[in-house]
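What follows is one structure encoded as C-alpha cells, with my remarks underneath.
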Amino acid sequence: MKRYILDANIIFTALISGKPLYLNFVANNQCFTTDFAFVEIEKYKEIIMKKSKIKLTDLQKFTKLLFEYITVIPSLYITEENQLQAIAIGKNIDEKDTPYIALALEMEIPLITQDKKLYNGLQKINFEYVILWEDLLNNLQTP
C-alpha cells in the first residue's frame, strides 16, 4: 500500500465522474489531503453537482465512500518551516496549491495532481514529491 496526497483537482474529477477507478485507488492506497480541500470543494460544489454524470443522491453516496478512505490533515499539522518553504514555492506557481505542497513536504510523500501548471512548475524546480495523475495511471496499467 503506497501513500499519496491528493489535491482538490483529483477529488473534483473523482466526484464529477463517479467512476469506481477512484474508489479503487483510494481503497488500495493510503491517501491524504489537506483541510483546505474542503474549502475548494465547497467553493465549487455547484459546478461539481452540475458536471457530475450521476444523480445527486448517488453523488452524495460516492462522496461518503470516497472520504471513508481519504485522511484529511489539518493545517496545524504542518510545521512552520514547511509552510514557509511551500509558500516560497507556491508563489511562483500557484498560491492556492501551497497547502498541498506543504503537506507533501511535511509527510515526504508524493502529491498527485492533474494540474499541469502545478506539475510542470514543481518539476522545473526538481520538487521530488509530485506525480501527474495520468502518469500514475499509466504506470499502474503497465505490467
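Details
- Extension gain, T57 to E108: 0.36 nm times the residue separation minus the Cα-Cα distance gives 14.7 nm.
- Gyration tensor verdict on the chain (Cα atoms; rounded if a/c is under 1.5, prolate if a/b is larger than b/c, oblate otherwise): prolate
- The loop-placed GluC sites (Glu not before Pro) in the range 94-129, going by DSSP, that have at most 13 neighbouring Cβ atoms within 10 Å of their Cβ come out as E108, E128.
- Using θ = phi - 60° and Karplus 6.51 cos²θ - 1.76 cosθ + 1.60, couplings along the range 88-97 (whole Hz; Gly, Pro as x): 4, 6, x, 5, 8, 10, 6, 4, 5, 8
- Cα gyration tensor shape for the range 66-115, rounded if a/c is under 1.5, else prolate or oblate: oblate
- Along the range 17-30 the Karplus relation, 6.51 cos²θ - 1.76 cosθ + 1.60 evaluated at θ = phi - 60°, assigns HN-Hα couplings of 7, x, 7, x, 3, 5, 5, 4, 5, 5, 6, 9, 9, 9 Hz to successive residues, with x for each Gly and Pro.
- Taking amide hydrogens as placed 1.01 Å from N in the peptide plane, the amide H of I73 sits under 5 Å from those of T33, T34, D35, each at least 5 positions away in sequence or on another chain.
- When V39, V130 are arranged by Cβ crowding within 10 Å, least crowded first, meaning fewest neighbours, the order is V39, V130.
- For the range 1-70, the set of trypsin sites (Lys or Arg not before Pro) satisfying both a DSSP loop assignment and a count of at most 12 other C-beta atoms within 10 Å is given as K2, K53, K55.
- Cα gyration tensor, the range 2-62 - rounded (a/c under 1.5), prolate or oblate: oblate
- With Cα atoms, 0 to 90° folded angle of helix 56-69 axis to the chain main axis: 40 degrees
- Amide H contacts for R3 (H built 1.01 Å from N in the peptide plane; partners 5 or more residues away or on another chain; cut-off under 5 Å): Q30.
- The chain: calculated mean residue ellipticity at 222 nm from DSSP helix runs of at least 4, using -39500 (n - 2.57): -17500 deg cm²/dmol
- Considering only Q30, Q123, I47, and ranking their Cα positions along the charge dipole of the chain that arises from unit charges at the beta-carbon of Lys, Arg, Asp and Glu, the one farthest toward the positive end is I47.
- Extending 7 Å from the Cα toward the beta-carbon at both L140 and K50 defines two label points whose distance is 2.9 nm.
- A simple rule links phi to the HN-Hα coupling: the Karplus curve 6.51 cos²θ - 1.76 cosθ + 1.60 with θ = phi - 60°, which for the range 9-15 gives 3, 5, 5, 4, 4, 4, 5 Hz, with x for Gly and Pro.
All of the numbers you see were taken from the coordinates with simple rules; none came from a lab. From a predicted model like this one, the values you see are computed outputs, not experimental measurements. FYI the Cβ positions are ideal-geometry reconstructions off the backbone, even for glycines, and counts take in every protein chain you see.
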